[in-house]
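Working notes, beginning with the structure itself.
Quick note: the coordinates plus some simple rules give every number you see, no bench work behind them. Everything numeric in this text was worked out from a predicted model, so none of it was measured. Neighbour counts run over all protein chains shown; Cβ positions are idealised from the backbone, glycine included.
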Amino acid sequence: KQLEQEAVERLVEASRAGDLVTLREEIETYPNIVNKYDDWKRTALTQATQFRRLKAIKMLVEAKANPNLPDKQRRFEMTALLYAVQSDKSLPIVIYLIQEAKADATLEDGRSGNALAYAQMNQATEVE
């Protein structure tokens, strides 16, 4: 159990950093950790999204990461798509999460907001 949690920590950090080598190693060694929370109650997919790491996002989704699993580190639960629509440079990520990962754009964050509402407010159009 301890080894698996350490692997989750490495997976989340690799997702944040866009470290595809470490990401691949952890997924191959521990394929069941892609939907686990780190010590801060974050998932690898939400962290990859928050830091706009599209290649890491694709690798995690291909490894069966759940795009609708929210972070639980804050008062509000943020899914990968909710993070993506709040950035003005994440349009390719938003498109990927909706079209390929089948993320639910209607899931709310606890503030009565969902990805559709935030996208309308931000009108994310800039591509990085």
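Have a look at D71, D104, D88 and tell me which one the Gaussian network model of the chain (Cα, springs below 10 Å) gives the largest fluctuation. Residue with maximal mean-square fluctuation among D71, D104, D88: D88. Listed here are the pairs K36/K89; K1/K58; K58/K102; K41/K89; K1/K102; which of them are more than 23 Å apart at the Cα? Checking Cα-Cα distances, K36/K89; K1/K58; K41/K89; K1/K102 exceed 23 Å. Does the range 2-122 classify as rounded, prolate or oblate by the C-alpha gyration tensor (a ≥ b ≥ c root eigenvalues; a/c under 1.5 gives rounded; else a/b over b/c gives prolate, otherwise oblate)? Because a/c hits 1.5 or more and a/b exceeds b/c, the range 2-122 counts as prolate. Using a Gaussian network model of the chain in which every pair of alpha carbons under 10 angstrom is joined by a spring, one finds that among L54, L97, L20 the greatest mean-square fluctuation is at L20. Of the residues V94, V12, V61, the one that moves most in a GNM of the chain with alpha-carbon contacts below 10 Å is V61. Across the options L91, G18, T29, the greatest Cα extent toward the positive end of the charge dipole of the chain (unit charges at beta carbon of Lys, Arg, Asp, Glu) belongs to L91. Backbone amide hydrogens, once placed in the peptide plane, bring S90 within less than 5 Å of nothing, excluding anything fewer than 5 places away on its chain.
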